[in-house]
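Presented below is the structure to which this report refers.
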Amino acid sequence: MTGASGAAPWPCRRSWRWAALGAIFTLNCLLTTSLDGLEGPPALPDGGERDGGATESDARGGDAAGESSSDAQHDGVPAGDRAILDVVLDGGGAKGPIAVADAGGVVRGLAEHGGDLYWVQGDLSTGIVRAPKAGGTAPVFFHMTATAIDVAIDADYVYWSTGKGNEVFRKPIASTAPGDEVVLFSGAGETLYLAVGTAGRVYATGFDVVVVGPRADAATSFVHYREQKGAAGITARGTDLFWSVAAGIVRGDEAPSPERSVYSGVPGEVAGVATDGDEIFWISTDGDVRAMSLMSPLPLPRDVCRARIEIGDAAADARPDGATSTIILDIAVDDEWVYFGEPALRRISKCAKR
């Protein structure tokens, strides 16, 4: 099955294990004396007990995450060669994943703004966390909350959704104090993934709908697109909207105009989505990070890299079920990088876009 724009069906994964391992032995010789140019994890201090809710505190929250023994990519590869394996997986380019920041819990929604990344962190310490894209600095809490699902940013505010709590909150981006948040609007039964549009509009996916708020006459929202089965990740670029559904990715408009298919894949495949205007990027429920041109008349999906996740914890239809332990796979892009959470390693990572 293909989408309206001619997207190819989900391809079979090619075998790369022996080619990658062969490249490891070659690169071992080249990298024996110098690893210059390979970026590694930032040097973050050890975490400790949380202080009960102060903002701008160390958000790392626990021991440094090690390599996951369940990571199928690294089966049978010595630990010392794993960084090299990550380099050669995509044909020899230093694609990554490259660690950006350690997380003190399960990573949920993710957004980027300027030089910073924001994400929703669960488990040990819960709330909205901020860290520089460049790494090297310990993440800090922007806002402590146990109910957040996804996060979105504009020049003035940080927004977050609450899932079954059915609300979207807003807090000034420059605020460092608790208590500055307000309820911006309620959704249509639940508020899941978020995207910031134009003119102060904020879009949220809910139970098979896309809503937009706030309404001028109340702290509620309008249903913008109905009957969007499996609606999950959403992103905005100008007046264009893209969101994932059970059947793939669709495109709409702030107007709105009738939605149209962009990509059709395996049911429940697509979780978080993001766009730079030229391509649409997504992360699948098994950790694949992929992209597809929005400019080509016959676009084909391409592999960007792969996040390390625990497959058994990923929601089958890419949507959170309301439980605070649910793993939510999300993605963000800027001019050079694709950012995403790696739940198995409890960290934020990045890959080169191309």
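State which residue is surrounded by the fewest Cβ atoms within 10 Å (Cβ to Cβ) when the search covers only segment 144-187 and only residues that are among the acidic types (D, E) and without any contact (Cβ under 8 Å) to a residue 40 or more places away in the chain.
Checking each candidate, the answer is D156.
May I ask you to verify whether I328 is at pLDDT below 95, within 23 Å of S161 (Cα to Cα) and buried (at least 22 other Cβ atoms within 10 Å of the Cβ)?
The answer is yes for I328.
Can you name every residue in segment 188-206 that is surrounded by 17 or more Cβ atoms within 10 Å (Cβ to Cβ) and hydrophobic (A, V, I, L, M, F, W, C)?
Correct list: A188, L192, L194, A195, V196, V202, A204.
Can you tell me which residue within segment 118-132, out of those that are of a type in the set (S, T, Y) and over 12 Å from the mean Cα position of the chain (by Cα), is nearest to V333 (Cα to Cα)?
Step by step, filter segment 118-132, then rank; the result is T126.
Can you pull out every residue in segment 207-223 that is surrounded by fewer than 16 Cβ atoms within 10 Å (Cβ to Cβ) and in a strand (DSSP E or B)?
The answer is R215, A218, F222, V223.
The values are calculated or read from the model by the stated rules, or taken from the named source; none is laboratory data. All values derive from a computational prediction rather than experimental measurement. Ideal geometry is used to build each Cβ from the backbone, glycine not excepted, and the neighbour counts take in all protein chains shown.
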